[in-house]
Amino acid sequence: PLCSLSVQPIQNLLFKMMQKRNVLVDVRALDLLYAIATSENSIQIAQCMIDFMPKAPLYLRESLATKAAVLIQSYGTGDLNSVSVLIKMIQAGGKELNRNEVVWRAVVQMLALKKGMQREVTENVYSIVKSSISTNFAMVKLAAYLIGEYCHLCVSSFSIKDAVELLILLFNKNEDESCQSMILTAMMKLVSKSGEVKMTVKNFFRKNVRSL
């Protein structure tokens, strides 16, 4: 605590140091910013990390995303805006977030406590993935999880058949086994919600499960 108090007045300086593109300086500055975060300044610090991410050197992006996600989940209000910020961060993170499990899981955990946001966020992520030429693994996993869990809430926006078609497309575009496993799990959940997709999913499993 004493260390945090002594560093807090130079928060703006740490913001600048984090953008030096010197691995010996910016990594340490990022660690210090994370260390001094409190309930009063954490969202400001997280937003600074997120704003810097598109311009950040590749070696720093995953750490920026992870730290920002933890701060938002720990100190944020858990409202729709907080979740939207995390989703935008996944989009901005690119392939550097392919192996990151923290950010997309933070969205999942926040939604589990906020039933009123589940439909809107699922529709948003569905739209993002459907309109994207390519998405990183974190976004694919988030989409697969949300569609599997909350697709039945979104029937006014897209059908379960539409959801299965998107999942098949994502499966064929992603060779990562962890992504493919989550997509298959989501398909199984959709079958339990609607019998109309049973044959489509069954035929897909016959053709593809042996390839995993």
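The values are calculated or read from the model by the stated rules, or taken from the named source; none is laboratory data. Here the structure is a predicted model, which means the values were calculated and not measured. A quick note on method: Cβ atoms are made from the backbone with ideal geometry, for glycine too, and the neighbour counts reach across all protein chains shown. Side chains are part of the model used for accessible areas, which takes the heavy atoms of the whole protein and leaves out ligands, DNA and RNA. Shrake-Rupley method; radii C 1.70, N 1.55, O 1.52, S 1.80 Å.
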Give me the net charge of Ser159's neighbourhood, meaning all other residues with Cβ under 12 Å from the Cβ of Ser159; Lys, Arg count +1, Asp, Glu -1.
-> -1
Cβ-Cβ cut-off under 11 Å around Ala35, Lys and Arg +1, Asp and Glu -1: the net charge is +1
Mind checking the dipole of region 59-212: about its Cα centre, +1 per Lys or Arg Cβ, -1 per Asp or Glu Cβ, Debye to the nearest 20?
-> 320
To the nearest 10 Å², what's Leu86's accessible area with a 1.4 Å probe?
-> 0
In the neighborhood of Lys114, defined by Cβ-to-Cβ distances under 12 Å, what is the net charge if each Lys or Arg adds +1 and each Asp or Glu adds -1?
-> 0
Hey, if you put +1 on the Cβ of every Lys and Arg and -1 on every Asp and Glu Cβ in region 105-212, which of Leu190, Ala106, Tyr150 ends up farthest toward the positive end of that dipole?
-> Leu190
Rg and Dmax [Cα atoms of the chain; Å; Rg one decimal, Dmax integer] = 19.3, 63
Rg to Rh ratio, region 8-51, alpha-carbon atoms and Kirkwood radius?
-> 0.94
Here the relative contact order (percent) of the chain, from C-alpha pairs under 8 Å and at least 6 apart, is 13
For region 38-123, Rg(Cα) over 2.2 N^0.38 Å is 1.03
For the Ser157, Leu24 Cβ pair and Förster radius 45 Å, calculated FRET efficiency rounded to 0.05 is 0.40
With a/c under 1.5 counting as rounded, go ahead and sort region 111-166 into rounded, prolate or oblate using the C-alpha gyration tensor (a ≥ b ≥ c being the square roots of the eigenvalues; past the cut-off, prolate if a/b is larger than b/c, else oblate).
-> oblate
Could you please state how large a percent of the accessible area of the chain is carbon and sulfur, counting protein chains only and using a 1.4 Å probe?
-> 54
In Hz, Karplus ³J(HN,Hα) per residue of region 79-94 (6.51, -1.76, 1.60; θ = phi - 60°; x = Gly, Pro) = 8, 4, 5, 4, 5, 4, 5, 5, 5, 5, 5, 4, 4, 6, x, x
For the chain, accessible area per residue (1.4 Å probe, heavy atoms of protein chains only), Å² | 52
